[in-house]
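Trainee: Can you keep this structure in mind? I'll have questions shortly.
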Amino acid sequence: MDLSPGQQKAVFALVVVVLAALGYWLIVPRVSHSNGQAQPSPTPSPTASVPSPPASVPTAVTTTPAPAGGVDIYSWLPFTQQGLAAAAAVTQKFLVDYNTYSYTESAADYVARMNGLITTQEATTLKGLYATPGVAKIRTDQKQVSTGTAAITALRSFGPSSLTFIATGTQHLATAKGTSSGSAQYAVTVTGSGTSWQVSDIELSSVGQS
């Protein structure tokens, strides 16, 4: 059916209205929905925890050792530090002389070297040992000459007027047949007080020890 020009214009206008209505329905509700929806807040990105700076930067600290606090262990002992040192010196000098001798010396000569270091009783004992016939004969026959050295290794015991040291005495022995060295450990007891001490006894350290 052919439409008149007026009818064609009416149909065209109707199509425009329908398309406009369709476009409004398709577009406007979506835009309104989109604008009305709450937008999720963005998740904050993790931030590295930065420690707060210290109030002040510590500097190197030099520690000065605390003083001993006045603790004096010698106040608990029956001798002073000077007394102990004096007793040790007597012990060491005595042991050097004890192992120093010559086949040309008499018992009196041998003991005279220790004057002031030993008690009268100990001097008598050492004279007797030195002059023992069998020992003296060997010393003379072999032409023995001994040089002694000594070193204190420990303090075994002490009392109000005595100290017993453990010391190593060494003999460097020269004879007609050659030279040799030997050592032994002794218990040397000194008696006295203050800084005045004398040797009153010597024996092998193993004597009386289990």
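Trainee: Would you mind working out the magnitude of the charge dipole of the stretch 78-204 relative to its Cα centre, with +1 at each Lys and Arg C-beta and -1 at each Asp and Glu C-beta, to the nearest 20 Debye?
Mentor: Taking the Cα centre of the stretch 78-204 as origin, the dipole is about 220 debye.
Trainee: Follow-up question, since we're still on this one. Residue separation times 0.36 nm, minus the C-alpha to C-alpha distance between GLN185 and GLN121: what's the value?
Mentor: Net length gain for the segment: 20.8 nm.
Trainee: If you don't mind, there's one more thing I want to ask. What distance in nm separates the simple spin-label points at VAL135 and SER196, each placed 7 Å from Cα in the Cβ direction?
Mentor: 3.0 nm
Trainee: Taking amide hydrogens as modeled 1.01 Å from N in the peptide plane, which residues meet the under 5 Å criterion relative to THR100, leaving out close sequence neighbours?
Mentor: Answer set, sorted by chain and number: GLY148.
Trainee: Here's another thing I want to ask about it. So how far apart, in nm, are the two label points at THR168 and GLU105 if each is 7 Å from Cα heading toward Cβ?
Mentor: Taking the simple label geometry, THR168 and GLU105 are separated by 2.3 nm.
Trainee: Enumerate the calculated ³J(HN,Hα) couplings along the stretch 180-187 in order (Karplus 6.51 cos²θ - 1.76 cosθ + 1.60, θ = phi - 60°), each rounded to whole Hz, writing x wherever the residue is Gly or Pro.
Mentor: 7, 9, x, 9, 8, 9, 10, 9
Trainee: Next up: What percent of all Cα-Cα pairs in the stretch 124-210 falls in each 5 Å bin, counting up from 0?
Mentor: Pairs per bin, as whole percents: 3, 12, 16, 20, 19, 14, 9, 5, 2, 0.
Trainee: While we're here: By per-residue mean of other Cβ atoms within 10 Å, what is the highest-first order of 90-98, 138-146?
Mentor: The most tightly packed comes first, giving 90-98, 138-146.
Trainee: Moving on. Summing +1 for each Lys or Arg and -1 for each Asp or Glu, what net charge is found among the other residues whose Cβ lies under 14 Å from the Cβ of THR191?
Mentor: Here the count lands on -2.
Each value in this text was obtained by applying a stated rule to the coordinates, not by laboratory testing. None of the values given here were measured: they were computed from a predicted structure. Cβ coordinates were reconstructed from backbone atoms using ideal geometry, including for glycine residues, and neighbour counts include every protein chain displayed.
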